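Following: one structure in structure tokens, then a few remarks.
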Amino acid sequence: MMMKKIKIFLALAGLLIVGCSEEYLEKQPLNKISSAAVFENAGYAKALLYDIYSYMPNGWGWDSTGHKARGYGRRTMLDCTTDIMVNKSGWVEGWRFVNSGPNPNQDYEFGNWEENYTAIFQCNTLIEGISQSSLSEDPEMQLIIAEARFLRAFYHFDLARRYGAAPLFTEVPDITDSEALFKARTPANELYDFVDSEFTAIAELIPLAQDMNASGSEWGRVCREAVWGFHGRVLLHAERYAESAAMSKKVIDAVNGGTSDRELASDYEALFISKGNNKEVLFEILFDGVNKGGTIDNFSRPPSNRGSWGGQHNPTEDLVASYELTNGLPATVANGHDPHNPFVNRDPRLEQSILHHGSTFFGRTYDFAWNLDTSDNTWKPVPNTDAPHAQGLATVTGYYLRKFMDPDLAAVDFGLSSQSWIVLRLGEVYLNYAEAQNEAVGPDQSVYDAINAVRHRSNMPSLEVNYPGLDKNGMFGRIEQERKVELAFEGHRFWDLRRWRKGAEVLNGTVPANPGNPLDGGHMSCSYPLRQADGSIRYVTPSTINDVLAPGENLQQQPYTNFRRTHVWNDRMYLMPVPQRAIDRNPELDQNPGY
């Protein structure tokens, strides 16, 4: 297993990277390695490769995971900075981010400039070291070089999508050559050119998932389907739509043609608590809960389920309202939806992703209801329960995270979660293809087919049932909807809204702070269940509040997030700031606009 090998090899990796600071390009860099002797052993080379993999994305947040990736939040998740989820605690970095954006002097929770360049340095060290060794033609070492090239390209892509322009490094810089060491930023389109060419060059050198063991690889490293899938994602970010569609189609064709053993998981909910090589997964970060463990259960469970940090990641009513009815129509009163029985006849992915009042999970049925305190005519939660605002550990939106929660994990603490973080899966590839193909040629049948493949897995009707004959813009709206619910909480919403330039439209909140001036930002919507005298439940949301409250009744808390920082979008937030400390040490760097 890769996990065990990492533990053994990391000690050896130190021989290769002694002095390689995680602030590479900010502290004094290393000179080129003077001897390839350490690469005369495949174990040493593999040790460094595994260490480089530890910088791949980990969307759980990086507190106490044993994984080196940064830039995806520390105690938050990327999607907690969007419209679909918020953090419970006001001090968590997600709230600071939505209000003022990242700070060049305090970027470590969502920025990863240093980590990406440390990984790139290690990639170049590995590639050059093996190329200069007597084992340079060995098939196992050639595979390691190909994977190092993949990783180097991926980390440059991550820099491009975060920062726009960034220095491109394809070799270990010589400490005596200031021009090689202190580079100016390479334009983003040239970074995308580099990633495109590298992925194209190495794809056929990487084994298919089903051939990994026979090829001297193992699960946890990259497979060919993942290279194609990541290639499609990269080109989607680059707005090279025809090329993106072609790359994603390679994965789909391999699956449909039987060349690949990958397939959509039959159980959407079980997919996200899988612990290695679910057939839908193309690339994932593996955890075992012992040597390397995640934090998601500890951060996200309701307090009564021993979530010591409480339900830190709270889905919004804005997301819940987006899940369609089972007939594929929007959940509106006009379409037969009952806002006071809101979870009946809904897209199954709602129940599989979100804990709400009445949910049955962890062997129990949850009661989040508020009661009317007749002494002051105010609706309030029962103290010290899981109800919204019932205690400091409780949800603030009325919802908890169900997606990713392991119902079999009895004890929760830092580092005990063992479910994988899925970086790339087949469901995303279908939706990437649909978007790219729609942008390139319009909504042909293959676009419908790709979206339907994802919808049918969750027993949702074909798109044509309710939306036949869509034009390009209409189809984009359906793709946006499908990505919002299918990929919820997986970090894609953060990037999608930036790719689509929808920051001002979506990320200023859905409840305006000042209706007279949208630039003042706003709040995200919540839902609180109110238990009536006859025992029935009526749900108060921003859209139902006037119908639910009787004259003279009050709420302990309004059903939107005005008790936290205001969501205020600024167009500078389409890019992240280059860390000021990097600029201070490299005279060739400049800052992104607005910072």
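The values are calculated or read from the model by the stated rules, or taken from the named source; none is laboratory data. Keep in mind the model is a prediction, meaning the values are calculated, not measured. Cβ sites come from the backbone with ideal geometry, for glycine too, and all protein chains shown count toward neighbours. The accessibility values were calculated without ligands, DNA or RNA, using every heavy atom of the protein model including side chains. Shrake-Rupley method; radii C 1.70, N 1.55, O 1.52, S 1.80 Å.
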Across all Cα atoms of region 36-147, Rg and the largest Cα-Cα distance (Dmax), in Å, are 18.4, 56
Separation in nanometres of the label points that stand 7 Å from Cα toward Cβ, at Q532 and T259 | 6.0
Nearest 10 degrees, 0 to 90: helix 188-202 Cα axis against the chain principal axis | 70
Rounded FRET efficiency, nearest 0.05, which uses the C-beta distance separating A242 from E480 and R0 of 30 Å = 0.90
Note: Q556 to R499 extended length (0.36 nm per residue) minus current alpha-carbon separation gives 16.7 nm
Which pairs, out of K183/K403; K275/K484; K292/K502, put more than 32 Å between their alpha-carbon atoms?
-> K183/K403; K292/K502
Give me the number: length gained by fully extending D413 to D590, i.e. 0.36 nm times residue separation minus the C-alpha to C-alpha distance, one decimal in nm.
-> 59.6 nm
Peptide ranges 413-423, 460-470, 150-160, 329-339 listed from the most packed, as the mean C-beta count within 10 angstrom indicates | 150-160, 413-423, 460-470, 329-339
Could you give log10 I(q)/I(0) at q = 0.16, 0.21 Å⁻¹ for region 117-232, computed by the Debye formula over C-alpha point scatterers of equal weight, without solvent?
-> -0.78, -1.19
Per residue, how much space in cubic angstrom lies within the convex hull of the C-alpha atoms of region 479-566?
-> 145
Length-normalised contact order of the chain, Cα under 8 Å, at least 6 apart, in percent, tallies to 18
Under a 1.4 angstrom probe, counting protein chains only, how are D288, D496 ranked by accessible area, largest first?
-> D288, D496
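Just the ratio, please: alpha-carbon radius of gyration of region 156-218 over 2.2 N^0.38 Å, N its number of residues.
It is 1.49.
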Per Stokes-Einstein, at 4 °C and 1.567 mPa s, what whole-number D in µm² s⁻¹ belongs to region 283-402, with the Kirkwood radius over Cα pairs as the hydrodynamic radius?
-> 81
How big is region 332-460 in terms of Cα radius of gyration and Dmax, in angstroms?
-> 20.0, 64
Ratio of the chain's C-alpha Rg to 2.2 N^0.38 Å, to two decimals?
-> 0.98
Ratio of Rg to Rh for region 462-519, alpha carbon only, Kirkwood?
-> 1.07
If each of V441 and Q352 carries a label point 7 Å out from its Cα toward its Cβ, how far apart are those two points in nm?
-> 3.0
Scalar couplings 3J(HN,Hα) for region 147-162 by Karplus 6.51 cos²θ - 1.76 cosθ + 1.60 (θ = phi - 60°), nearest whole Hz, x for Gly and Pro, are 5, 5, 5, 4, 5, 4, 5, 4, 5, 5, 4, 4, 5, 5, 6, 8
Restricting attention to the alpha-carbon atoms of region 192-331, what are Rg (one decimal) and Dmax (integer), both in Å?
-> 18.8, 52
Cα gyration tensor shape of region 344-393, rounded if a/c is under 1.5, else prolate or oblate by comparing a/b with b/c = prolate
Once both axes come from the Cα atoms, what is the angle between helix 2-17 and the longest principal axis of the chain, in degrees from 0 to 90, rounded to 10?
-> 50
Count neighbours as other Cβ atoms within 10 Å of each site's Cβ, and list the trypsin sites (Lys or Arg not before Pro) in region 481-568 that are DSSP loop with at most 12 such neighbours.
-> R501
With label points built 7 Å along Cα→Cβ from the Cα atoms of T176 and R364, find their separation and express it in nm.
-> 6.9
Compute the semi-axes of the equivalent ellipsoid of region 394-436, taking the square root of 5 times each eigenvalue of the Cα gyration tensor, and list them largest first in whole Å.
-> 29, 17, 8
